[in-house]
1. Roll a 1.4 angstrom probe over the protein heavy atoms and tell me the percent of accessible area of the chain that is carbon or sulfur.
2. R30 versus N11, label points 7 Å from Cα toward the beta carbon: distance in nm?
3. Give me the number: length gained by fully extending T113 to N49, i.e. 0.36 nm times residue separation minus the C-alpha to C-alpha distance, one decimal in nm.
4. Show me, bin by bin at 10 Å from 0, the whole-percent P(r) of the range 1-100 based on Cα pairs.
Amino acid sequence: MILDEQSLFSNKQAVTATCVSENVLDFGKREVAFGTPVELFIQSSETFNNLTSLTIKVQSATDEAFTNAVDLVESTMALADLAKGAEANIKFLPKGNLGFMRLQYVVTGDAPTTGKILAGICDGIQQSFHN
């Protein structure tokens, strides 16, 4: 798998409350979901504690401030599924790009004191092995 620092939403970002990704990606006004799917990698890089579940949303907006953010897709993971190395089931950027994209992390239950996310556009997800 290949990750590029300029295409990361979160680089081992601590998620201790509901928040958004530390980076916003500018895709321009074109739809990114046409043609070859753009692979998205979202992984827990540190085991989470305390919370009941974490919902990860891909959001898009016409401005970088996300004045009118639109949720494109979401995935909810229970605490038991948030060990280090766990991956969210969102594997590709969804259709609906308005120009800018970010991730939102919604914590349900008690605030975690541990838990980090690595997320971004990637090339060649680890499971894609060719012989």
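The values are calculated or read from the model by the stated rules, or taken from the named source; none is laboratory data. From a predicted model like this one, the values you see are computed outputs, not experimental measurements. So basically every Cβ, Gly included, is an ideal-geometry build from the backbone, and we count neighbours across all protein chains shown. Areas reflect the complete protein model, heavy atoms only, side chains present, ligands, DNA and RNA absent. Shrake-Rupley method; radii C 1.70, N 1.55, O 1.52, S 1.80 Å.
1. Here carbon and sulfur together make up 50 percent of the probe-accessible area.
2. Taking the simple label geometry, R30 and N11 are separated by 2.6 nm.
3. Length difference between fully extended and current span is 22.4 nm.
4. 14, 47, 32, 7, 0
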